[in-house]
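What follows is a set of notes on a single structure, which appears directly below.
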Amino acid sequence: MSENNLGYSKSLIGGLIALAWAALIYQIAKHMILPPASPWPPEYVGSDFRIYYNAMIDFVQGKNPYAGRNYLKFPYPMFTVFFCSFLTLFSEANAWFLWEILMKFFVCAGFGLVIFCCKPLLVASQEKTRNYLSAESSRFLVIHWMIIAVLLCAAFRPAFWGLFYGNIQPLAFFLICLFTALILHGHDKTAGCVLAMACLVKITPVILVIGFLFTQKKRLLYAWFVFMCCYAILLLLTGWWRWELFFVEKTLPNQSFQWIFTSHSLTVYLGTIFFHDVLKVKSIFNCTSRIVALSVLFATLLSLYLAARRQRGSGLFWRDAFSLTCYPMLLISPLLEVHHHTCLIPALVFLLHDYLEQRCTHRYFAASLFFWALFLGASVWHGVGLLNLPFLNNILPPDFYEMFCLMVLWFFASIRVLRLPVESARGSV
């Protein structure tokens, strides 16, 4: 029986690969093939899609998709309406069937990108202090990245939660995964266009653009800007800019408070624990949300600015900036639900990359992985019906554990980016 340098036989490695794939296939079957095991009533199935479908019908009929029956219900830019308007060619039942297939495909495609296209760099590892992974272990784990990546996907349950409601988040998840894979392989211009699409599906990925301003990814930023300009020209030529303006002025400022009962944002977190009036008055809630968003943004930008001055364009600083800005995408959002956590997948992937490439210590990796495990565990608790266990909810409901872990991980990433040693330039492929 042949063995590798670490003493593991090929049959053992093959068995681990098979077990990892079995875990992922089980999760896919459970959430995509078997009947949904949700604590919510059956009428919630496809509830988000019905809102989208109504908005698309109004759009193709020349009506404002954000007004009337859709007021404060449809929270996405006009790009989403236009992109999905082909579904109006079908009845609502057939459109829902097609939508389900598309969203499940996007989840599986996102996982495929993580597994096959986001492998760490196989650099010439060197022996460091005992605080880092050994060179031999680093090389071994990078070579067998598939085992780690498949297990990561099997554990990343937030990717599945939006399927039950027919939410569009799986598309955002796929775009974020595609963006990550493209930028890892040096396709910056294409990555910039994909990031622009992600921003027009879900607004919060704009935070990633701000992070890349501190890096040397100029082609990415240029492509993103050109794509957004083309979209703006489309709005002007079609007259859709009036509806987009209605969305910005009427929907965004009011929609979050309207759905506060489903949100577990940082503002809701603070309001529930410390400032109860925040959750009772819309003006106070909106003001608090702005203060929270500005505070998180200021702290993140300050960390990036100070780190960028030290790094001076180091080869992998873009990756650290990307990872760090994943967390504010959720922290600044006044409306946050469990399926939105899919935007964090690059931060988890790059945490593993940094450890395998000897860019972070055992202690930092173990602490971060611990809070990631708590975060994903709370996500499972949130979504599988354990909400009805009063002895747990009397301590704190799962969304508060999720938010606490999210803030800790953001803090860890902010401190780390300030303490990174200056690296020589390294390629991204």
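Just so you know, all these numbers are worked out from the coordinates, no wet-lab data involved. Values in this document were obtained by computation on a predicted structure and should not be read as measured data. Heads up, the Cβs are rebuilt from the backbone with ideal geometry, glycines too, and the neighbour counts pull from every protein chain shown.
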Suppose only helical runs count, i.e. DSSP H with n ≥ 4. What mean residue ellipticity at 222 nm does that imply for the chain under -39500 (n - 2.57) per run, divided by all residues and rounded to the nearest 500 deg cm²/dmol? -21000 deg cm²/dmol
Given the Cα-Cα distance of Ile33 and Ile233 and 0.36 nm per residue of separation, how much length would full extension add, in nm? 67.8 nm
Would you please give the FRET efficiency between Ser47 and Arg419, computed as 1/(1 + (r/R0)^6) with r the Cβ-Cβ distance and R0 = 35 Å, to the nearest 0.05? 0.20
Return a single number: how many Lys pairs in region 11-419, at a sequence separation of 8 or more or on separate chains, have alpha-carbon atoms below 17 angstrom apart. 9
What ranking do 229-239, 160-170, 407-417 get when scored by the average of other Cβ atoms within 10 Å per residue, highest first? 160-170, 407-417, 229-239
What percent do you get for the relative contact order of the chain when only Cα pairs under 8 Å and 6+ apart count? 21 percent
Where Lys and Arg each count +1 and Asp and Glu each count -1, what net charge lies around Met32 among other residues with Cβ under 12 Å from its Cβ? +1
Averaged across orientations, what area in nm² does the convex hull of the alpha carbons in region 152-245 project? 7.4 nm²
Using the eigenvalues of the Cα gyration tensor, what equivalent ellipsoid semi-axes result for region 215-270 when each is taken as the square root of five times the eigenvalue, whole Å, largest first? 30, 21, 6
